[in-house]
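To start, the structure under review is shown below, and the notes come after it.
Taken together, the values in this text are just the output of simple stated rules run on the coordinates, not laboratory data. Quantities reported herein were computed from a predicted structural model and do not represent experimental measurements. FYI the Cβ positions are ideal-geometry reconstructions off the backbone, even for glycines, and counts take in every protein chain you see.
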Amino acid sequence: MNKYLTILAAAAMAGSAMLTPSCDDSSDIGNSITQDSVAIIVDTTFTLTGQSISNHQVLSRSVTQMIGRVDAPGYGSISSEIVTQFMPSNVLDTVGVGVNDIDSLRLVMMLNIGEYTGDSVAPMGLEIYPLTRQLPSPIYSDFDPTGYYDGSKRYASLIYNVSAVGEPDSVKKLKYRMLAVTLPRDLAKGLYSAYRSNPQTYSTPSDFAKVFPGLYIKNTFGNGRVTRIASTTMHLYYHKTYYDESKKKDTTVMRAGNYFAVTPEIVTNNNIKLEIAPEINARVAQGQSVIMAPAGLDVQFRFPGNEMIEKYRANVSKGLGVINTVGISIPVEEIANKYSIKPPTYLLMTLTKDKDKFFLESKIPDNKTSFYATYNTTSGTYEFIGLRDYFLDLLKKDQITDEDITFTLTPISVTYETNSSYYGSTTTVTGVVPYVATPVMARLMIEKSKISLVYSKQTINY
């Protein structure tokens, strides 16, 4: 229902408490407006229009990896394979250790309990191949590894599931699972020999990639699950011999070093293929705004900037006005599906023209042309607040173009940093990357979105 609420000056203080504008946005109320004839206006008569758009090419900006393949009724068929470089340690153990003392190398992929979509006990197969050339950067989710690996040199294969059925209690209690596979000893010896010959090759990811371009982790069989990999490392196992003074003889001990890892500094990518379910395509064809990830659908919408400015200026034409807050509340319909795939936890709202640049330059939302919201499971909404500066910039423009008011909503992953002090703690967003993990989806009820424009109006009495 449209609202047009006027709170007269006599009730201004009570009204401002009722409306709960943010501290920053309400700082001008009562300070820059005199008590001639004042009203606080809350206008929610504006609407959004939008539609789903393809997002099949997602920029890799996350160390999160995903492996597997699943048919998810109500969502679609999705598969993901991995190509990845590794960040080397810049110090390896060389005291009493020679190339022939290197025993083995193991690839270890760790996953957190429950971070998969599909059947936990379904057997899945993978194979591991060496990359033969350096990966491109930037790299996108539609990357084709053909020509980047040698299919005749399979390093290893693995049949796996993510269930703890049949495992001892000590394993069942763990909050994680590990997929581990032994790689060729020749690879282990070669990596160690490269360090012994020239430690400089381990100094940077780009130098190391010239020695070891990385791995291609390929699905071979199974269609029951996609799994989010939280961390990927390679462990070097070796033995070393030293003279034991207490025993007066040489002693051999076994050692292991976690010398290689997937980190933000290297190039890694999920090669994703998604075939959207017919039911979802039908919704989109009907005009519904469906969002899904990874590498699925974004939602693009038009912000009614011209209409809002026209109405605001008409209403304050015979007085003065101060913008207090501008926000958008977008209701969500969760889409029923076999595997209980939920809406994305976070959405980024950015000007469509700036979306690619936002991720390429590793930006964070600035509350001027980019914003983010968390899904509220209680209200079933995304609340984008703090659009005041964006609206003020629109007010300053002589002409507003379509680029100025066309936004894209896309799923993201967000990282935070919390700092504590005597006065309390503050949480700061430190990173925003495209969402690449287990499937998410929802219908955004764009047509039922609520845009709130709150401003103070002073009518000057002559």
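Listed values, structure above:
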| read-out | value |
| --- | --- |
| Label point distance in nm, THR263-ALA285, each placed 7 Å from Cα along Cα→Cβ | 5.0 nm |
| Under-5 Å amide H pairs with GLY224, H placed in peptide plane, nonlocal only | ARG69 |
| For the range 117-133, Karplus couplings with θ = phi - 60° (6.51, -1.76, 1.60), whole Hz, Gly/Pro x | 10, x, 9, 5, 9, 5, x, 10, x, 9, 10, 10, 10, x, 6, 9, 8 |
| Under-5 Å amide H pairs with TYR435, H placed in peptide plane, nonlocal only | ILE412, SER413 |
| Paramagnetic label zone (point 7 Å from Cα along Cα-to-C-beta, THR220; backbone N under 13 Å) in the range 119-141 | 124-129 |
| Extreme residue, positive dipole direction of the chain, given options LEU187, GLY327, PRO199 (C-beta unit charges) | LEU187 |
| Cα gyration tensor, the range 318-383 - rounded (a/c under 1.5), prolate or oblate | oblate |
| Backbone HN-Hα couplings from phi across the range 210-216 [Karplus 6.51/-1.76/1.60, Hz, Gly and Pro as x] | 6, 8, 9, x, x, 10, 10 |
| Amide hydrogen neighbours beyond the local backbone of THR132, cut-off 5 Å, H modeled | TYR149, ASP150 |
| Computed label-point distance, nm, for sites LYS172 and LYS353 using a 7 Å Cα→Cβ extension | 6.0 nm |
| Computed magnitude of the charge dipole of the chain (debye, nearest 20; Cβ of K, R +1, Cβ of D, E -1) | 860 debye |
| Calculated [θ] (222 nm, deg cm²/dmol) that DSSP helices of n ≥ 4 give over the chain, each run adding -39,500 (n - 2.57) | -4000 deg cm²/dmol |
| Cα gyration tensor shape of the range 65-266, rounded if a/c is under 1.5, else prolate or oblate by comparing a/b with b/c | oblate |
| Length-normalised contact order of the range 381-462 in % [C-alpha pairs under 8 Å, at least 6 apart] | 18 percent |
| Whether the range 411-460 is rounded, prolate or oblate, judged on the alpha carbon gyration tensor where a/c under 1.5 counts as rounded | oblate |
| Karplus-derived 3J(HN,Hα), 6.51/-1.76/1.60, for each residue of the range 227-240, Hz, glycine and proline x | 10, 7, 9, 7, 8, 9, 9, 10, 9, 9, 9, 8, 10, 9 |
| Gain upon complete extension [THR401, ASN198; 0.36 nm per residue less C-alpha separation] | 67.4 nm |
| Computed over the range 65-266: relative contact order in percent, which uses C-alpha pairs under 8 Å that are six or more apart | 41 percent |
